[in-house]
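Notes to accompany the following structure.
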Amino acid sequence: MATILLVEDDAGVRTGLKYRLRGEGFEVLEAPTSAAAWPLLPQADVVVLDWMLPDEPGVRLLERIREGPHAELPVLLLTARAAEVDRVEGLNRGADDYVTKPFSPAELVARIRALLRRTKRERLVYGALVLDLDAGRVWMADAEVPLSPREYALLAFLARHPGRVFERQALLDAVWGEDFWGTPRTVDQHIAQLREKLGSGWIETVRGRGYRFRGQG
C-alpha cells in the first residue's frame, strides 16, 4: 500500500483529498506547511505538494527535496497557477507532474498511480539513516555519507536483514564473494570504518557469533 504525503494548507481541500485517497487504497499523511512536511518525507512514496504554502513556496520545498536524501521521491505539484510559464517553472524546478486547481479527483488519483509505476524505487529507511539502493547512496540526518563500494555493500547487506546475526565468514561470502582469499578480520576493519562514519549504534557485535544490524543508531 503506497503512502501519499499531502502538503496543502487549505484544510478543506486536504480533508477532501485525504478521504478520496484513502478510499482508493492509499495511506495518507498530512502536512499544512513545508516545515511539517519535511520530517514525513521518509515515510512517503509520493508527495502531492501545493505551490502556495504559508511558510515557504512549495517549489522551494521541492528544490530542497531534490537536493537531499529523498531526491528521487516523486512529487506532483498541485496549484491554481495554470499559465504555461508556471507549469514550465514547476517542472524545471523538479516536479514530476503538475495538476491545476480546480481538478478532477479521479484524474489526480490516476496521475498518482502513473507516478508510482514510473518511479518505483527501493530504499531502506531506519530513522535518520536512509539507504537508496537504486542509486547506491547513503544519507544520515539529511547529509550524504561517503562510503567505499565495499563499505556500502556490507552496510546494504546487513540493513536488508535487520536483527539477523551473521558470522564473519558468511559476510565475506555474501559481500566479498566465495573466492575471496582474505581473512575474516577484513570484516572487522570494514565494520569499524562504518561505525566511524555512521556512529556506533547501528551495527552490533554479538560476542562469539558475529554482527547484526540493529536498525537504530
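Only the coordinates and a few stated rules stand behind these numbers; no lab work does. Please read all numbers here as calculations on a predicted model, not as lab measurements. FYI the Cβ positions are ideal-geometry reconstructions off the backbone, even for glycines, and counts take in every protein chain you see.
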**OP:** State which residue is nearest to the chain's Cα centre (by Cα) when the search covers only segment 100-120 and only residues that are of a type in the set (Val, Ile, Thr) and surrounded by 18 or more Cβ atoms within 10 Å (Cβ to Cβ).
**Re:** Ile112
Original post:
Just one of the numbered conditions (1) in contact (Cβ under 8 Å) with a residue 24 or more places away in the chain; (2) part of a loop (DSSP other than H, G, I, E, B) is not true of Leu115; which one?
Top reply: (2)
**OP:** Looking for whichever is under 30 Å from Thr119 (Cβ atoms) and either among the charged types (D, E, K, R) or over 20 Å from the mean Cα position of the chain (by Cα) (or both) here; the options are Asp173, Asp142. Which one fits?
**Re:** Asp142
**OP:** Search segment 130-147 for residues being within 19 Å of Ala174 (Cα to Cα) and free of Cβ contacts under 8 Å to residues at least 24 places away in the same chain, and hand back the single one that is surrounded by the most Cβ atoms within 10 Å (Cβ to Cβ).
**Re:** Leu133
Subject >> Among the candidates Glu151, Glu196, residue that is surrounded by fewer than 19 Cβ atoms within 10 Å (Cβ to Cβ) and in a helix (DSSP H, G or I) >> reply: Glu196
Original post:
Which pairs have Cβ atoms under 8 Å, sit 6 or more apart or on different chains, and link a residue in segment 91-105 that is in a loop (DSSP other than H, G, I, E, B) to one that is among the small types (Gly, Ala, Ser)?
Top reply: Lys101/Ala80
Original post:
Quick one: would you say Trp176 is under 15 Å from Leu129 (Cβ atoms) and surrounded by 15 or more Cβ atoms within 10 Å (Cβ to Cβ)?
Top reply: no
